[in-house]
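Since the structure comes first, as structure tokens, the remarks are kept for the end.
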Amino acid sequence: MRHLLRKRFILRLVAALMLPLVLTVGSSCNAPAIGSYYIPIPPPDPTFGPPTAETDSDGIAHTYWKVTSPPSSPLSESWVYLTNIDMGRGVSVQAAQDGSYSTQLEGQQGDQIIISVQAPGLETICRPLREGLANVACQ
């Protein structure tokens, strides 16, 4: 029960922190339109892994996952935010000119990762942390 309340609190915190970003991006949306409706486009699914274990100076073990994404023109030079909602922390990385990016993210297999991009018309997605192409939505 306590874990469920903690997870719910973290989800609400992430949502509250993302609201200004969503409002800013939403107000300048250049997504494809059908009539007067915009179609949000998900960012490309990243590839996670393989995980590597590291021990910090205090003797605490951490597991880091390499995160890579293929080129995608809508992401060109945009900031990509990866947040591990189970751990309550994340990383940000600027995509290259071709829209690809690569970074490391701490977590355990199965953790839920929120991926958002500061680019017009791209929606936020959630993917479970597991080795390989992350093409399954969080549950």
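The values are calculated or read from the model by the stated rules, or taken from the named source; none is laboratory data. Remember, it's a predicted structure, so these values are computed and weren't measured experimentally. Cβ placement follows ideal geometry from the backbone for every residue including glycine, while neighbour counts extend to all protein chains displayed.
Structure notes:
- Single match in Pro74, Pro42 (criterion: buried (at least 17 other Cβ atoms within 10 Å of the Cβ), modelled with pLDDT under 90 and within 16 Å of the chain's Cα centre (by Cα)): Pro74
One line per residue, one yes/no per condition, for (1) out of contact with any Leu (no Cβ under 7 Å at 6 or more places or on another chain); (2) under 20 Å from Pro120 (Cα atoms); (3) touching a residue at least 60 places away in the same chain (Cβ under 8 Å):
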{"site": "Pro50", "(1), (2), (3)": "yes, no, yes"}
{"site": "Pro70", "(1), (2), (3)": "yes, yes, no"}
{"site": "Glu77", "(1), (2), (3)": "yes, yes, no"}
{"site": "Asn84", "(1), (2), (3)": "no, no, no"}
{"site": "Leu105", "(1), (2), (3)": "no, no, no"}
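- Candidate set: segment 54-71, residues that are assigned to a strand (DSSP E or B) and not β-branched (Val, Ile, Thr); chosen: the one surrounded by the fewest Cβ atoms within 10 Å (Cβ to Cβ): Ala61
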